[in-house]
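Okay, so here's the structure we're looking at.
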Amino acid sequence: MQAILDRFRNDTIRIFAKHDMKATNFWVVVDESSKCPRAIRLTNTWILYELRVYDVNLDKMKVIQERLRDHVVQLFMNYGMKVTQFWEDLNEANNRLYYVVEHANMEMRNLNYDRFRNDPEWIEVKRISELDGPLVNKQERFSINK
């Protein structure tokens, strides 16, 4: 395994760059019992990426998108959390929303989410947006270090 990692570090990334390609992520599973692979450290910088997956309740996709766009993204930024990607499931029947949040590390992630969840603006936005019922049926998250 170490020889492969060394080859990626010393050769593959350089060859990719020569051809205007960029390798952004490499993962290996370090714990078979864990659902989260551990990233291979190729640089001196670590970023914790959190993939959040929401199973959105019927007819609530537009409302949750508006809530994220108009309130949550800015509130996250206020607490040092950067939303970098959004996707909707191609299969509309799934009614699923995906997004990625960047954190410096797990400790900062936990602290920032605690501060966000207790923010009076968030509490009010959530209350108002869910007057007709909850927007999300099920929430999952997956954390990956880079």
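Worth a mention:
- Checked against the criterion of being under 22 Å from N57 (Cβ atoms) and touching a strand residue (DSSP E or B) at 6+ places or on another chain (Cβ under 6 Å), region 101-116 has at least one qualifying residue.
- Which numbered condition M77 fails, given (1) touching a residue at least 60 places away in the same chain (Cβ under 8 Å); (2) part of a helix (DSSP H, G or I): (1)
- A Cβ distance below 8 Å, combined with a sequence gap of six or more or placement on separate chains, defines the contacts here; from region 83-94, residues that are among the charged types (D, E, K, R) reach residues that are not in a loop (DSSP other than H, G, I, E, B) in the pairs E88/M61; E88/R96; E88/L97; E88/Y98; D89/R96; D89/L97; D89/Y98.
- With respect to the conditions (1) basic (K, R); (2) at pLDDT below 95; (3) farther than 20 Å from D55 by Cα, R115 lacks only one, and its number is (2).
- The residue that is surrounded by the fewest Cβ atoms within 10 Å (Cβ to Cβ), among those in region 67-79 that are under 19 Å from N105 (Cβ atoms) and in contact with a Lys or Arg (Cβ under 9 Å, 6 or more places away or on another chain), is N78.
Here's the yes/no breakdown for (1) assigned to a strand (DSSP E or B); (2) surrounded by 12 or more Cβ atoms within 10 Å (Cβ to Cβ):
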{"site": "Y99", "(1), (2)": "yes, yes"}
{"site": "E102", "(1), (2)": "yes, yes"}
{"site": "E107", "(1), (2)": "no, no"}
{"site": "N110", "(1), (2)": "no, no"}
{"site": "Y113", "(1), (2)": "no, yes"}
{"site": "V125", "(1), (2)": "no, yes"}
{"site": "I128", "(1), (2)": "no, no"}
{"site": "L131", "(1), (2)": "no, no"}
{"site": "F142", "(1), (2)": "yes, yes"}
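The values are calculated or read from the model by the stated rules, or taken from the named source; none is laboratory data. Given the structure is predicted, the values throughout are model-derived calculations rather than measurements. Every residue, glycine among them, receives a Cβ derived from its backbone with ideal geometry; neighbour counts consider all protein chains shown.
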